[in-house]
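Report on the following structure.
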Amino acid sequence: MPQPKRSATSTSPKLLSSATEKQKQLQNSTSEPGNMLTTNQGLRIPDNHNSLKAGVRGPTLMEDFILREKITHFDHERIPERAVHARGSAAHGFFKVYKPMTQFTSAGFLQNPEAETPVFVRFSTVAGSRGSADTVRDVRGFAVKFYTDEGNYDLVGNNVPVFFIQDAIKFPDLVHALKPEPHNEMPQAASAHDTFWDFVSLMPESTHMLMWAMSDRTIPRSYRMMEGFGVHTFRFINARGDSHFVKFHWKPKLGVHGLAWDEAQKLAGKDADFHRRDLWEAIEQGNFPEWELGVQIVEEGKEDKLGFDILDPTKLIPESVVPVQIIGKLVLNRNPDNFFAETEQVAFHPGHLVPGIDFSDDPLLQGRLFSYTDTQLSRLGGANFHEIPINKAVCPFHNFQRDGMHRQEISKGRVAYEPNTLATGAEFRVDGGAQGFNTHPQALESPKIRRRSPSFDDHFSHATLFWNSQSPAEKDHIVAAFRFELSKVEVTDIRQRMVDNLAHVDAKLAARVAAPLGINAPDPKAAAGRLGFRDYRIIPTVEDDAALSMVAKPAADIKTRKVAILVADGVDLLSFKRLQQELLDAGAQCKLVAPQLGFVSTSSGKQLAADHTFSNMPSIMFDAVLIPGGADSAVALAQLGDAVHFVLEAYKHCKPVCALNDGAQLLSTLGFALEAKGDALMQPTPGVLMADTRRTADGEISQAFIAAIASHRHWDRLNVDAVPA
Ligand code: HDE
């Protein structure tokens, strides 16, 4: 038998090192594009169109390891989706603190205003599956991973500052009630069904969160226009070891805006990726979304003055009681390269902390600390998910954990324990010192007990505070949302139980919700008689708080707002050219929507390229509508059902509509007309402008239209319910 030749590498140290280098290099490289394909073992594939067969018309052979490798990999492409927050979109960016926060926290990334900390942010819905629609009524996740020099810090929050339940042990029940019903897997991504309302109507602690869930917060216009909240109370710990309680807030630069409910439902069908696309396109266009980080800081010992338990995640600290200090900014400026590798495989965890930040004893937070690692074990297939590039810390990390599924690191040497002397010859013992993470030495001495603190018993006063803080239009939307959801509940007792609970928030709210539901008038006594009901009421420190209203947070500008310009042959370019430029200058995006793609001829014989058609970009995909002048164009549009519907729908969704000269004909179905001798610029109802461009001064129309767009929606508009769209 021939002896195998001794390989050159085993005899030559020089060759050994270059081979090792080559191996390292190759291990780090990903598959290279080009005309060449290989198997996962690096074998060149001669033909990627035909499997190996016994003759050109014969059966496929088992032997075809190339086919089997390809199909096997494909068969295992899917991983379990997240149990909650399965549907998400993410982006890279950076965080920068405005001033050193040394007084409160030793966290390194909160000290140096010159330093940028890389972040990865994932937004999500909670209830739906990975392929569900973006614009459903649901709370949004707002999870931020900071890749700091001291390790990864995750702020895993939502776009609502409170939660449904007070104790983690109720989370599986809540999620089972919310998810599609188990016998028929319906409805997808919706809370409007019996099991959800059955559960929450029996859990009065959820009432405050339900008020938020039924508000326009849960149908955001864009991820870029949502607030974010850490929800729980955390601690800041400074270098001296002093602890302050802290609540985290993200404030979007573009203001906080919602969709109309009818619009949200239609969008779910017409563009299920509406929020994903919006975030992606904004970043691709260089319109990087920004938020400011705010903190509410409460000195330890002063929390009792708040009048409620700071550990209760169904309560919030009103901003009028403890103002939000703005301490830094977050900018998202890069889309992921690969959805699966980054957005899908990112693993957040409220327990990913850095020195200077610590937990409170909020029992919901404490339960989360177990859940997030546990879920990744099945989702990402083992204990080494921290080695996946998107999850990897950017600072050096080292410990003696070893092996496990999909291990990437090739740990060297024989020492995998501490203390040891064999690693370097000297004694090695861990000494993280002052820089290590030291848990705040909070004193604890209590009996073990399985009971809720009586200080968590107030289930209603913050729901009332939220209700009192809403504008009349926002109150209308909340009532409408409760009515919609409860009208989908088949069991009348559940509807009744819910409105009985609502009577403890506000009698008028409950009566309005109950009116069209075919049930009795709300009965607060019936609610109070039920198991689990607590009628302990704190004396609220404030009756209302403007910061809880979305309307109270308009954007200062109209950056990235989408304006549809409706055009057909004969459109008068002169009537809108200047206004279009002024909108663009103000940061808005203008798109020409026409009966068909290709070119539209203007009244002066020019050709304008249409961006969209009425059917491929309906009004729900825009923030505002501009109807230019031009007699022929106006007549053509008025005769086109899709164009008329476009305008009516935008009107119904309370969007700004501006009609110029002959274009005003499109508003005639709404009963509005531009009088030749009347005012040159009319506003017959909020956010509807009609103008004769020949009689208005330069800039007059654009000023009014830009202000109308900045107000976002004109919820107090006339006769909206009468408009069929
Ligand atoms: Fe989560 N949550 N959660 N959650 N959560 C998950 O972790 C859980 C809660 C939040 O984009 C899961 O990796 C428990 C509150 C966000 O990847 C899971 C409890 C808040 C995301 C989990 C809560 C959140 C999750 C599913 C009650 C707001 C998506 C997949 C004790 C402060 C993160 C995963 C992303 C995801 C458990 C309550 C926010 C199962 C047990 C309160 C934004 O581990």
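Note on the stretch 95-112: residues that are in contact with a Ser or Thr (Cβ under 6 Å, 6 or more places away or on another chain) and assigned to a strand (DSSP E or B) total 1.
For the stretch 124-243, the helices (runs of 4 or more DSSP H) that sit wholly inside it and include 2 or more residues that are open to solvent by 10 Å² or more (accessible area, probe 1.4 Å) are 171-178, 194-201. Within the stretch 341-374, if we keep just the residues that are open to solvent by less than 20 Å² (accessible area, probe 1.4 Å), outside any loop (DSSP other than H, G, I, E, B) and of a type in the set (Asp, Glu), the residue that is farthest from HIS440 (Cα to Cα) turns out to be GLU344. Scanning the stretch 262-317 for residues that are open to solvent by less than 30 Å² (accessible area, probe 1.4 Å), within 16 Å of the ligand (Cβ to nearest atom) and closer than 21 Å to ALA588 by Cα yields HIS275, LEU279, TRP291.
Taking each residue of the stretch 673-697 that is touching a residue at least 12 places away in the same chain (Cβ under 8 Å) and looking for partners that are part of a loop (DSSP other than H, G, I, E, B) and acidic (Asp, Glu) with beta-carbon atoms closer than 7 Å, six or more apart or interchain, yields LEU674/ASP692; ALA680/ASP692; PRO686/ASP716. PHE400 - would you say it is within 30 Å of VAL720 (Cβ to Cβ), among the aromatic types (Phe, Trp, Tyr) and open to solvent by less than 70 Å² (accessible area, probe 1.4 Å)? So PHE400 fails the test. Of (1) farther than 30 Å from TRP280 by Cα; (2) in contact with a Pro (Cβ under 7 Å, 6 or more places away or on another chain); (3) open to solvent by 70 Å² or more (accessible area, probe 1.4 Å), SER378 satisfies all except one. Which? Answer for SER378: the failing condition is (1).
Of all the numbered requirements in (1) touching a residue at least 12 places away in the same chain (Cβ under 8 Å); (2) under 26 Å from the mean Cα position of the chain (by Cα), ASN616 misses one, and that requirement is (1). For the stretch 564-614, a tally of residues being part of a loop (DSSP other than H, G, I, E, B), closer than 23 Å to LYS652 by Cα and touching an Asp or Glu at 6+ places or on another chain (Cβ under 6 Å) returns 1. Just one of the listed residues (PHE120, PHE109, PHE65) is modelled with pLDDT of 95 or more and within 16 Å of the ligand (Cβ to nearest atom), namely PHE120.
Only one residue in PHE397, PHE385, PHE428 is touching a Pro at 6+ places or on another chain (Cβ under 8 Å) and either modelled with pLDDT under 95 or within 16 Å of the ligand (Cβ to nearest atom) (or both). Which one? Quick ask: steps written out before the conclusion?
Details: PHE397 fails: touching a Pro at 6+ places or on another chain (Cβ under 8 Å); PHE385 fails: touching a Pro at 6+ places or on another chain (Cβ under 8 Å).
Just a single option satisfies the conditions, and that option is PHE428.
Within the stretch 326-372, the set of residues being in contact (Cβ under 8 Å) with a residue 60 or more places away in the chain and in contact with a Pro (Cβ under 7 Å, 6 or more places away or on another chain) comprises LEU332, GLU342, THR343, ASP362, LEU364, LEU365, ARG368, TYR372.
The values are calculated or read from the model by the stated rules, or taken from the named source; none is laboratory data. Please read all numbers here as calculations on a predicted model, not as lab measurements. A quick note on method: Cβ atoms are made from the backbone with ideal geometry, for glycine too, and the neighbour counts reach across all protein chains shown. For the accessible areas, the whole protein counts, side chains as well, though only heavy atoms, and no ligand, DNA or RNA atoms are used. Shrake-Rupley method; radii C 1.70, N 1.55, O 1.52, S 1.80 Å.
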